[in-house]
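The values are calculated or read from the model by the stated rules, or taken from the named source; none is laboratory data. Because the structure is predicted, anything quoted here is derived from the model rather than measured. Cβ placement follows ideal geometry from the backbone for every residue including glycine, while neighbour counts extend to all protein chains displayed.
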Amino acid sequence: MIRINSLSRRFGSFEAVKNVSLEVPAGSFLVLVGPSGCGKSTMLRMLAGLETPTGGTIEFNGKTVSDGDGNWTIEPAKRNAGLVFQSYALWPHMTVAGNVDWPLKVAGHGKQERAERVGEVLHLLGIENLGNRFPNEISGGQQQRVAIARMIAPRPGILLFDEPLSNLDAKLRVEMRSELLRIHRATRATSIYVTHDQVEAMTMASHVAVLNEGRVEQFGSPGELVAEPSSAFVATFVGTPPANLVDADLIPPGHPLRKGNRSGRLMFRPEDISVGSGPGPASIEMDFAEISPLAGRSMITGTKNGLRLTAVTDGDFRFSVGDKVHFLLPPEPAACFDDEGKRV
Amino acid sequence: MTSHTLWPRGLALAGRPGIAIKLAALGIVTLLVALPLLKILAFTFSDEATGTWHDVLFSRLSYNLFWGPLRNTMLLGFATAAGCVIVGGFLAWLVAMTDIPFRRTIGLMATLPFMIPSFATALAWGSLFRNSRVGGHVGFIEGLGFAVPDWLAWGMAPTLIVLIAHYYSLAFTVIVAALATVNSDLVEAAQLGGARRSRILAGIVLPVVLPAVVAAGSLTFASAVSNFAVPALLGLPVRMQTLATRLFGMIGIGQTARGYVLAILLILVSAVFLWLGNRMISGRRSYATMTGKGGRSKRFQLGASRYPLFAVAFVICFLTTIVPVVILFASSLAPSSSALFSGWNLHYWIGRSNADIAQGQPGIWHNPGILSATAITVGLGVAVAITTTAVGLLVAFVLARYRDSIIAAAINQLTLVPLLVPGIAFGAAYIALFGAGFGPVPALYGTFVLLVIAATAYLLPFSVQTGRAVIQQVSGELDESARMTGAGTLRRLAAITMPLAARGLASGALIVFVKIIRDLSLVVLLFTPAMPLLSVLAYRYASEGFPQFANAITVVVLVISIAATLLANRLQSKSQPWLKD
């Protein structure tokens, strides 16, 4: 179980993390997701014990490991946590096996035991034949596996990942996502994973915290985030493709929503929007931007004056640049937000 | 990253970690750099030196003392800077941007002249072009029966030529590094836009490398005005004085106060131009760093001028690297410098004393003065390599860890000061500080310790830079990932930091060793007969009319420094299993 209570971190006058509180049960897979500069890496470094909070506390399994109010933190090595760095931070002068072995050696395990454990984790990651290579002699994906093997070898109770897939190509990234989930299941350790990629968050997490400017915008399961976004920021950040937000005064005059005298911004899911064949009183005319096939359907995007609408719809469309697209909004929005972005 | 997180909790709670280490670093840097310079400045305003500033600047003597040497110094500085930028820039352009044949060879050769000490090049010039004006042996060219005019044998012209031949490689190194960052994408983008070759050069390449060209100019200017050996060997015999030789002369005849004033003025001349150069380019550097990984670089096609340009480049490199070394070597074997390539024997190397040759001086193998100078020189190189590495690491560590503190900022500024101070002026400052004892420190003049301290201070900017590179290489996530395992500071130092840093440190130490072995300007004032050094011995033999002994000693210096340089290069680039591409 991990409990974060009013956690804050200042750097001089800049507050990177502001009063964050959340709690996940043991064995969860928590993803901290947000745009760059939202404070997610600082959060992770505080969880790892590399950074002392300036306020609030962190508890692992009921035991306080960092106390920003008391200005102390338990050393990284004594918190039963392992970390995979974004750069992997493999020690370049040690072989793959050496990298995995050294932390065990530091922990004081015997030679025989170490050799067994190294073989075991290399096997778990499918890199048992790379033991004698140096980090620069293997590919990026293999380096990633070594970094994970090194982290799990001492059997930490908590696994921390700092954007571990950001250096990999798209295909490898998808493969490693499932690989990480497999490792998570195999070790049954609580995992905390930092990323700016909401697809990773949605596919891997049991719990997601969306961070923005040092605050938690919303905390919940991936399904909850998509179904009930609590702010305009979350609504446009999660989901593939993310939901559309339309200013109330841009609703076409012939649309039923015009009668309700709405204000603020209205959220429409791409799958609720359809594409009309020609102009109509209730449709929004936009410039065609792009179209792509998506699992047997078409994803069509149009832009106009900074507004961007995406519809996922059936049908065979032929558009080329310069064409107009006529989007038909559903009679009711999926959610409404006020001008500050709060859900109403 | 703040200091708190890097220390165990107890220490973090203890308040201000590392105040002791910060103060230690500040103390060392202050003692090494600030005190000598303050002392020399204070001395020139003390009662002992009353009227010295006036004598030097505004009296009947002042033309001879200062303004005349200043004129020569400035002339040498500007002309050397211009020559170096033209020659070095030309070679850099050929190597970095064109399809000239043997690019790598030229690129390597163009960096070599700087490794040959400038007094070696000057001695080689003398062996070729000496005429009978100042007596003694004539050089090779007069030996062949040609008359060498005075202007080519002595004074401004040969000094200037030798300075350019020595320092153009400095300009080359700076400019070629900048040209290498001109991504071929940049050039191709201009080509796609339809720009001609000359237009690309003027509109794209030059603006991008301009900061490097300015830097090369101000560096070579400062180096030329600081140089002592070349004007001393080629100008002094015909009374051509520069600030450096005048300073040397004043201290030599016991007029130390005037010498110190000249040292301060020399520092000002050198520093002002370095500062101006820096100012011109500051703020513009940013776009030189906008490089990603460019594709395979596409080179300018030189076409028909490919081989003529190659010939020019090769002749420049050949004359400034191989020719001086061959002349020195031949001269150390030939009985007379007027016949360099005949009658070779080993007298200057292993001969016993013979009254017919060189007034009975035995060859260097049997010459106790030279043998002990060799031992002391190598000892000094080793000692300084160790001290600079230690000080450089300590200072770099403090600078990296306590980046934001005022003390760190002060340390940082002080470590850069020696860059502005010519070696001979630094030597003068050290005599001023340590000539007599102060406080608990005894008088150190003439001791090995003084040489070590002065050299450590002189090389501080270099050693701190090496230390920073090493620390940067091994800190950050590599060290944090070791902390995550629970390894203590010492264990991380032994298992992670040292193995990764060792080669960088060793090659940095070797380069320091070489710099000291072949330095003349710093040690020429600190030298005493009880503490002889090879470079100073070579200079004294040459100025007392035994050029071939000087040449033989210089060959020894060259051999030691080339061996150490090769070893350093090998360490730096030797294929480490974990660094292979």
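Does the range A:236-257 contain at least one residue that is among the hydrophobic types (A, V, I, L, M, F, W, C), closer than 24 Å to A:PRO164 by Cα and assigned to a helix (DSSP H, G or I)?
Yes, there is a match, as at least one residue in the range A:236-257 is among the hydrophobic types (A, V, I, L, M, F, W, C), closer than 24 Å to A:PRO164 by Cα and assigned to a helix (DSSP H, G or I).
Got a sec? Which of A:SER21, A:SER36, A:SER87 is under 22 Å from A:ALA147 (Cβ atoms), away from chain B (no Cβ under 14 Å) and not acidic (Asp, Glu)? Outline the logic, then answer.
Working: A:SER21 fails: under 22 Å from A:ALA147 (Cβ atoms); A:SER87 fails: away from chain B (no Cβ under 14 Å).
Result of the check over A:SER21, A:SER36, A:SER87: A:SER36.
Got a sec? Which of B:ARG540, B:ARG491, B:ARG503, B:ARG483 is away from chain A (no Cβ under 14 Å), among the charged types (D, E, K, R) and either at positive phi or in a helix (DSSP H, G or I) (or both)?
Within the list B:ARG540, B:ARG491, B:ARG503, B:ARG483, the selection yields B:ARG540.
Restrict the check to the range B:246-269 and report whether at least one residue is of a type in the set (S, T, N, Q), modelled with pLDDT of 90 or more and part of a helix (DSSP H, G or I).
First, the residues of the range B:246-269 that are of a type in the set (S, T, N, Q): B:255-256.
This time we only want the ones that are modelled with pLDDT of 90 or more, so: none.
No - not one qualifying residue is present in the range B:246-269.
So which residues in the range A:270-282 are over 31 Å from the mean Cα position of the chain (by Cα) and among the small types (Gly, Ala, Ser), if there are any at all?
A:GLY276, A:SER277, A:GLY278, A:GLY280, A:ALA282
What number of residues within the range A:65-78 are more than 10 Å from chain B (Cβ to nearest Cβ) and not polar (S, T, N, Q)?
4
Report yes if some residue within the range A:310-326 is in contact (Cβ under 8 Å) with a residue 40 or more places away in the chain, not small (Gly, Ala, Ser) and not in a strand (DSSP E or B); otherwise report no.
yes
Identify all residues within the range A:1-18 that are over 14 Å from A:MET46 (Cβ atoms), within 14 Å of chain B (Cβ to nearest Cβ) and either touching a Pro at 6+ places or on another chain (Cβ under 7 Å) or in a strand (DSSP E or B) (or both); write none if there are none.
Across the range A:1-18, the qualifying residue is only A:PHE14.
Okay, residues lined up against (1) over 17 Å from A:MET202 (Cβ atoms); (2) within 20 Å of the chain's Cα centre (by Cα); (3) modelled with pLDDT under 90; (4) assigned by TED's automatic domain parsing to the domain that holds A:GLY34:
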| site | (1), (2), (3), (4) |
| --- | --- |
| A:GLU224 | no, yes, no, yes |
| A:ALA248 | yes, no, yes, no |
| A:PHE268 | yes, no, no, no |
| A:ILE284 | yes, no, yes, no |
| A:ARG297 | yes, no, yes, no |
| A:GLY306 | yes, no, yes, no |
| A:ASP316 | yes, no, yes, no |
| A:VAL321 | yes, no, yes, no |
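Which fully enclosed helices (runs of 4 or more DSSP H) of the range B:12-84 have 2 or more residues being among the small types (Gly, Ala, Ser) and more than 24 Å from B:VAL261 (Cα to Cα)? It would help to see each step written out before you state the result.
Values: elements: B:19-29, B:35-44, B:52-58.
Helices (runs of 4 or more DSSP H) meeting the threshold: B:19-29.
Taking the residues in the range B:206-256 that are hydroxyl-bearing (Ser, Thr, Tyr) and within 16 Å of the chain's Cα centre (by Cα) as candidates, determine which candidate is farthest from B:ALA92 (Cα to Cα). I'd like the intermediate steps shown before the answer.
The first filter runs over the range B:206-256 and keeps only residues hydroxyl-bearing (Ser, Thr, Tyr), leaving B:218, B:220, B:223, B:226, B:242, B:245, B:256.
In the following step, the residues that additionally are within 16 Å of the chain's Cα centre (by Cα) were identified as B:218, B:220, B:223, B:226.
Values: B:SER218: 17, B:THR220: 15, B:SER223: 20, B:SER226: 25 Å.
Selected residue: B:SER226.
Which condition breaks for A:GLY62 when tested against (1) modelled with pLDDT of 90 or more; (2) away from chain B (no Cβ under 14 Å)?
With respect to (1) modelled with pLDDT of 90 or more; (2) away from chain B (no Cβ under 14 Å), A:GLY62 is out only on (1).
Using the structure shown, decide if A:GLY82 is within 9 Å of chain B (Cβ to nearest Cβ) and either in contact with a helix residue (DSSP H, G or I) (Cβ under 6 Å, 6 or more places away or on another chain) or touching a residue at least 60 places away in the same chain (Cβ under 8 Å) (or both).
Details: within 9 Å of chain B (Cβ to nearest Cβ): yes; either in contact with a helix residue (DSSP H, G or I) (Cβ under 6 Å, 6 or more places away or on another chain) or touching a residue at least 60 places away in the same chain (Cβ under 8 Å) (or both): yes.
Taking the combined requirement at face value, the residue satisfies it.
Any idea how many residues of the range A:145-156 are in contact with a Pro (Cβ under 9 Å, 6 or more places away or on another chain) and either facing another protein chain (nearest Cβ under 10 Å) or at pLDDT below 90 (or both)?
5
Name the residue, out of B:ILE253, B:ILE204, B:ILE264, B:ILE200, that is buried (at least 16 other Cβ atoms within 10 Å of the Cβ) and not assigned by TED's automatic domain parsing to the domain that holds B:ILE86.
After ruling out the rest, the residue left standing is B:ILE264.
Only one of these is under 30 Å from B:PHE248 (Cα atoms) and in a loop (DSSP other than H, G, I, E, B): B:LEU419, B:LEU510, B:LEU450, B:LEU444. Name it. Can you show your working first?
On the way: B:LEU419 fails: in a loop (DSSP other than H, G, I, E, B); B:LEU510 fails: in a loop (DSSP other than H, G, I, E, B); B:LEU450 fails: in a loop (DSSP other than H, G, I, E, B).
So the residue among B:LEU419, B:LEU510, B:LEU450, B:LEU444 that is under 30 Å from B:PHE248 (Cα atoms) and in a loop (DSSP other than H, G, I, E, B) is B:LEU444.
Which one of these is of a type outside the set (Lys, Arg) and buried (at least 20 other Cβ atoms within 10 Å of the Cβ): B:ILE406, B:ILE471?
B:ILE471
Mind checking which pairs have a first residue in the range A:131-143 that is under 14 Å from A:ASN167 (Cβ atoms) and a second that is among the acidic types (Asp, Glu) and in a helix (DSSP H, G or I), Cβ under 8 Å, 6 or more apart or different chains?
A:GLY141/A:GLU175
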